[in-house]
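*Asks:* Can you keep this structure in mind? I'll have questions shortly.
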Amino acid sequence: MNILLPTDFSVNAWNALNYARCLFKNKKVTFYFLHIKPPNATSYEEDVITLAQVQTYPTVTKLKKLLTDVKTHSPNKNHRFYASVAEGLFVETIRKKIIEEHIDYIVMGTKGIANIKEATVGSHTTEVITKVKCPVLIVPENARYKTPKEIAFPTDFNIFYKHKVIETLHNITELNQSSLSVLYVSKKSEALSEVQENNKNYLKEHLNGLAYTFNFAINQTLEEAIEAFVVSKDINMIAMMAKNLNFFQHILFHPVARKLHYHTDIPFLVLHE
């Protein structure tokens, strides 16, 4: 398994690394640290101007220290670590690295999901989760690793679940023998449409072999339903599809959602087809 860790050498990036190390502790994983320098930057860090300087100081020095630190704190023989620096547009550089290293997951730290929308336009986290078709694990600054025995999967059953999505759900739940809690939220107590029913049955059929439950919340807002569900079920991770943009953005970026604690404490796994 190969995991990409974009890093800016921040505390949040280190927290994301620690979470990933714990989550994948029993898997053979190659971690790739990647620091991306914007193209044609007139300045980079303090007195650094040219790419040649970036290659020698201070970025490479920081990457070497990062490798030393992580090997000191992570003596797991299942894990290997490599680091590199690249110049280019953030998303394009990420996409290139995914192809080159056959990346299975991207893991990114953030100051909290609530801050993504409020960050400057072109926020790296926002760009990656919406434009890069690779599973992305977002680790908020307050998230501390706790074995994810319960993973929530909120869905409206309006999207067909392709093989890659099902496979990722299987892989992430099997890591620690987690249970998958599928959550459907509706404002009205009404039957599912034929499309929804078919998608639900397909999902149920292809979750065979996993521990899972189907859960329903009625007459609550989507954000409030997820918040209540996270607390009542002791949810340790939330997985969701990026394809259903309205549903996805409502959970992550709606003003009401920003006030709820799941945005700052619970890791999000964004699934792509």
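*Asks:* Return yes or no: is Thr126 closer than 28 Å to Ile98 by Cβ and open to solvent by 10 Å² or more (accessible area, probe 1.4 Å)?
*Replies:* yes
Let's see how each residue does on (1) acidic (Asp, Glu); (2) modelled with pLDDT of 90 or more; (3) under 21 Å from Val91 (Cβ atoms):
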| position | (1), (2), (3) |
| --- | --- |
| Met108 | no, yes, yes |
| Ile116 | no, no, yes |
| Thr125 | no, no, yes |
| Val132 | no, yes, yes |
| Glu141 | yes, no, no |
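*Asks:* Go through the stretch 1-41 and report how many residues are open to solvent by 10 Å² or more (accessible area, probe 1.4 Å), of a type in the set (A, V, I, L, M, F, W, C) and under 15 Å from Ala86 (Cα atoms).
*Replies:* Residues flagged as open to solvent by 10 Å² or more (accessible area, probe 1.4 Å), of a type in the set (A, V, I, L, M, F, W, C) and under 15 Å from Ala86 (Cα atoms) within the stretch 1-41 amount to 3.
*Asks:* Go through the residues of the stretch 186-193 one by one and say whether even a single one is surrounded by 19 or more Cβ atoms within 10 Å (Cβ to Cβ) and hydrophobic (A, V, I, L, M, F, W, C).
*Replies:* There is no residue in the stretch 186-193 that is surrounded by 19 or more Cβ atoms within 10 Å (Cβ to Cβ) and hydrophobic (A, V, I, L, M, F, W, C).
*Asks:* Which one is most open to solvent (accessible area, probe 1.4 Å), of the residues in the stretch 129-159 that are among the hydroxyl-bearing types (Ser, Thr, Tyr) and within 26 Å of Val231 (Cα to Cα)?
*Replies:* Across the stretch 129-159, the extreme among qualifying residues is Tyr145.
*Asks:* I need the full set of residues from the stretch 172-211 which are polar (S, T, N, Q), free of Cβ contacts under 8 Å to residues at least 40 places away in the same chain and outside any loop (DSSP other than H, G, I, E, B), in order please.
*Replies:* Listed by number, the residues that qualify are Thr173, Ser179, Ser186, Asn198, Asn201.
*Asks:* Just the residues that are buried (at least 20 other Cβ atoms within 10 Å of the Cβ) and of a type in the set (S, T, N, Q), please, taken from the stretch 218-237.
*Replies:* The answer is Asn236, and nothing else.
*Asks:* Of the residues in the stretch 80-103, how many are part of a loop (DSSP other than H, G, I, E, B), on the phi < 0 side of the Ramachandran plot and either open to solvent by less than 30 Å² (accessible area, probe 1.4 Å) or hydroxyl-bearing (Ser, Thr, Tyr) (or both)?
*Replies:* Residues that pass the stated criteria total 1.
*Asks:* Phe248 fails exactly one of the following numbered conditions: (1) open to solvent by 10 Å² or more (accessible area, probe 1.4 Å); (2) under 17 Å from the mean Cα position of the chain (by Cα); (3) modelled with pLDDT under 85. What is the number of that condition?
*Replies:* (1)
The values are calculated or read from the model by the stated rules, or taken from the named source; none is laboratory data. Computed from a prediction, not measured in an experiment: that's the story for all the values here. Heads up, the Cβs are rebuilt from the backbone with ideal geometry, glycines too, and the neighbour counts pull from every protein chain shown. All accessible areas refer to the heavy atoms of the entire protein, side chains included, with ligands and DNA or RNA removed. Shrake-Rupley method; radii C 1.70, N 1.55, O 1.52, S 1.80 Å.
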